[in-house]
Amino acid sequence: MKTKLGNALKTILMLTVLSATAAADDAAIKRQLVGRWEFEGGIIVLKSDGTMNDPIRKWDVRNGKYVEIKTSGNTEAFTILKLTKTQFKIQDDAHGRGIGTWTRITVAESGSGDQTQDTGQYESGLQESQRQPPSNNEESPVILKLDRALNDHDWSALSTYIGNGAVNYFGHKNASASFIRGDIEQDARTYRWTRAYPKRSTFRQYVRDGVIYESVEEQTEALEFNGKHHQAHCLLEVSYEDGNPPRLISISLKVLR
């Protein structure tokens, strides 16, 4: 009996030591990762508080893996293949298990002064007046709530406005809820992040035959996992029936320039 108890205590002690060691290793890796990195033309800033230059993501190191956490709660894990003072090589645990190599850079090399570290903005060339992320509070127009859900790839939020109905969805007539969900999930696998900066002074709303129409101009940008960066000035338009919640009828995005 004493032997069994002693072995059990040794096992618990060993697990506790291993857990503490793993936590210490994660903390050491995280300290080493803090800073500015370049990846295929984009600049990634990892801050010591777990935030980064992407307002919808945070980062961490867990069980020896680099992890990114979206505001929607989705987590993406990457196996660390190599980490030096100047290079960070990782393999995506999903998305086709692609391998990416980040290179550490200085503020001078990024050509942005210290703005990204202070503001958390991606160096995209957008003017500060264009960086107006949509509000998601109860008083926001429906179009801005939909915009936020789409850019967060947040199906749970978007599905509230769709239910089991069909929607004219970005050129797809009578798109079903399952089609829209699949499209959002595919975007989440394609894009590292997508953002929209609505110009609130361009917001328009009118009602016709019981249907509410809203539109707003916005600057959009997106970064694919392969490093491709997209940017455009667009017009977002939606129509919906009022209710609690509103029922989305159509949504479209036109490129203005």
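The values are calculated or read from the model by the stated rules, or taken from the named source; none is laboratory data. For clarity, every value in this text was computed on a predicted model and none was experimentally measured. We place every Cβ from the backbone using ideal geometry, glycine too, and count neighbours over all the protein chains shown.
Just so you know, in region 167-210 the residues that are of a type in the set (A, V, I, L, M, F, W, C) and in contact with a Phe, Trp or Tyr (Cβ under 7 Å, 6 or more places away or on another chain) include one that is farthest from Ser156 (Cα to Cα), and it is Ala175.
Does Lys82 count as in the same structural domain as Gly100 (by TED's automatic domain parsing), among the basic types (Lys, Arg), exposed (fewer than 14 other Cβ atoms within 10 Å of the Cβ) and modelled with pLDDT of 85 or more?
Working: in the same structural domain as Gly100 (by TED's automatic domain parsing): yes; among the basic types (Lys, Arg): yes; exposed (fewer than 14 other Cβ atoms within 10 Å of the Cβ): yes; modelled with pLDDT of 85 or more: yes.
It is true that Lys82 is in the same structural domain as Gly100 (by TED's automatic domain parsing), among the basic types (Lys, Arg), exposed (fewer than 14 other Cβ atoms within 10 Å of the Cβ) and modelled with pLDDT of 85 or more.
Among the strands (runs of 3 or more DSSP E) confined to region 158-252, the ones with at least 2 residues that are more than 29 Å from Phe39 (Cα to Cα) are located at 167-169, 172-175, 204-208, 211-224, 229-241. Among the residues of region 171-221, those that are β-branched (Val, Ile, Thr) and more than 24 Å from the chain's Cα centre (by Cα) comprise Thr202, Val207, Val211, Ile212. Number of residues in region 49-81 that are touching a residue at least 40 places away in the same chain (Cβ under 8 Å), hydroxyl-bearing (Ser, Thr, Tyr) and within 12 Å of Asp26 (Cα to Cα): the value is 0. The number of residues in region 221-240 being of a type in the set (D, E, K, R) and closer than 18 Å to Ser140 by Cβ comes to 1.
Hey, can you tell me all the residues within region 155-165 that are under 14 Å from Asp183 (Cβ atoms) and either of a type in the set (A, V, I, L, M, F, W, C) or at pLDDT below 90 (or both)? Spell out how you get there, then give the answer.
To start, the set of residues in region 155-165 that are under 14 Å from Asp183 (Cβ atoms) comprises 155, 158-159, 162.
Answer for region 155-165, where residues must be under 14 Å from Asp183 (Cβ atoms) and either of a type in the set (A, V, I, L, M, F, W, C) or at pLDDT below 90 (or both): Trp155, Leu158, Ile162.
Would region 203-220 turn up any residue that is farther than 16 Å from Ile143 by Cβ, surrounded by 14 or more Cβ atoms within 10 Å (Cβ to Cβ), assigned by TED's automatic domain parsing to the domain that holds Leu150 and of a type outside the set (Ser, Thr, Tyr)? No, region 203-220 contains no residue that is farther than 16 Å from Ile143 by Cβ, surrounded by 14 or more Cβ atoms within 10 Å (Cβ to Cβ), assigned by TED's automatic domain parsing to the domain that holds Leu150 and of a type outside the set (Ser, Thr, Tyr). The numbered conditions (1) in contact with a strand residue (DSSP E or B) (Cβ under 8 Å, 6 or more places away or on another chain); (2) surrounded by 17 or more Cβ atoms within 10 Å (Cβ to Cβ) are all true for Gln231 except (2).
Counting only residues that are on the phi > 0 side of the Ramachandran plot and over 21 Å from the mean Cα position of the chain (by Cα), how many does region 156-170 have?
Let us first name the residues in region 156-170 that are on the phi > 0 side of the Ramachandran plot, namely 163, 170.
Of the ones still in play, those that are also over 21 Å from the mean Cα position of the chain (by Cα) are 163.
Residues flagged as on the phi > 0 side of the Ramachandran plot and over 21 Å from the mean Cα position of the chain (by Cα) within region 156-170 amount to 1.
Note on region 35-53: among residues that are loosely packed, with under 13 Cβ neighbours inside 10 Å and either out of contact with any helix residue (DSSP H, G or I) (no Cβ under 9 Å at 6 or more places or on another chain) or of a type in the set (A, V, I, L, M, F, W, C) (or both), the one that is modelled with the highest pLDDT is Asp49. For Asp25, the conditions (1) modelled with pLDDT of 75 or more; (2) within 23 Å of the chain's Cα centre (by Cα) all hold with the exception of (2).
Please go through region 50-74 and give me each residue that is of a type in the set (Val, Ile, Thr), within 9 Å of the chain's Cα centre (by Cα) and not in a loop (DSSP other than H, G, I, E, B), ordered by number. Residue satisfying the conditions is Ile69 alone. Checked against the criteria, Tyr169 does not count as surrounded by 15 or more Cβ atoms within 10 Å (Cβ to Cβ) and modelled with pLDDT under 90.
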